[in-house]
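Notes for the one structure printed next.
The values are calculated or read from the model by the stated rules, or taken from the named source; none is laboratory data. These numbers were taken from a predicted model, which means no experiment stands behind them. Cβ coordinates were reconstructed from backbone atoms using ideal geometry, including for glycine residues, and neighbour counts include every protein chain displayed. We work out accessible area using only protein heavy atoms, side chains counted, and drop any ligands, DNA or RNA first. Shrake-Rupley method; radii C 1.70, N 1.55, O 1.52, S 1.80 Å.
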Amino acid sequence: MALTICIAGATAILMVSTVLIKPYINVGKIKIGLYWVVCLLGAILMLATKRISFSKVLIGITANTSVNPLKILALFLSMTLLSIYLGDAGFFDLIADRIFLKSKGGQFRLFITLYFIVALLTVFTSNDVIILTFTPPICIFAKKAKISPLPYLFGEFIAANTWSMALIVGNPTNIYLAGSFGVTFSEYLLVMLLPAIIGGLTSLLVLILLFRKQLFNISW
């Protein structure tokens, strides 16, 4: 048990360290992310030291359960490919232009509008889909408008992750864990709706305080 904890802890520390210090290495013309290499080496070390058997790993990967890692991987890859396709098709540029045309009411109005649009869509779709969809238009819009994208990116990320707590469908993690433990839609809603509302509104107030200078054009 002690060796297992040591390997897991060292893997986690090294993964975070690579993200902060050197996320990628170049091998010829190929850029390789070090964070997943560290995780892979940690898993291999677990197998080599017999902390876990290969048969258990195989069962865990192929088991027909709601938390099957291959299903989760397929879901995230599908959402990523969809986002890439939309970007190549010019969808994000179109959205950014629409945002630019509608932003004459000032940055604060734009920030509030964006926050609640993201929150509403997240509740009924998925936070990952919303983040992948809205991040490119925000960056394009901020570049065209010559303003900082940080308030809008932080607002998008926090709104998507906070309001995704409201319904099971708001987050893939909600779906898999609720399905694994037999939590029904109504049971989840009754417990999580109020915390999601309070958390969402509180986070909005904190964001406004943090970015008040950019949103209200305050010079002090």
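Pairing residues of segment 49-65 that are outside any helix (DSSP H, G or I) with residues that are among the small types (Gly, Ala, Ser), at Cβ distances under 8 Å and at least 6 apart in sequence or on separate chains, gives THR65/SER180. Just one of the listed residues (GLY179, GLY155) is of a type in the set (Gly, Ala, Ser), open to solvent by 30 Å² or more (accessible area, probe 1.4 Å) and either part of a helix (DSSP H, G or I) or closer than 23 Å to PHE76 by Cβ (or both), namely GLY179.
Looking for something at pLDDT below 85, surrounded by 14 or more Cβ atoms within 10 Å (Cβ to Cβ), within 30 Å of ALA63 (Cβ to Cβ) and of a type in the set (S, T, N, Q) - is there at least one such residue anywhere in segment 160-171? Yes - at least one qualifying residue is present in segment 160-171.
Which one is most open to solvent (accessible area, probe 1.4 Å) among residues in segment 99-129 that are modelled with pLDDT of 80 or more and in contact with a Leu (Cβ under 7 Å, 6 or more places away or on another chain)? Here the answer is PHE108. If the condition is being among the hydroxyl-bearing types (Ser, Thr, Tyr) and open to solvent by 80 Å² or more (accessible area, probe 1.4 Å), then segment 1-35 contributes TYR24, TYR35. Exactly one residue out of VAL37, VAL19 is in contact with a helix residue (DSSP H, G or I) (Cβ under 9 Å, 6 or more places away or on another chain), assigned to a helix (DSSP H, G or I), modelled with pLDDT of 75 or more and closer than 23 Å to ASN127 by Cβ: that is VAL19.
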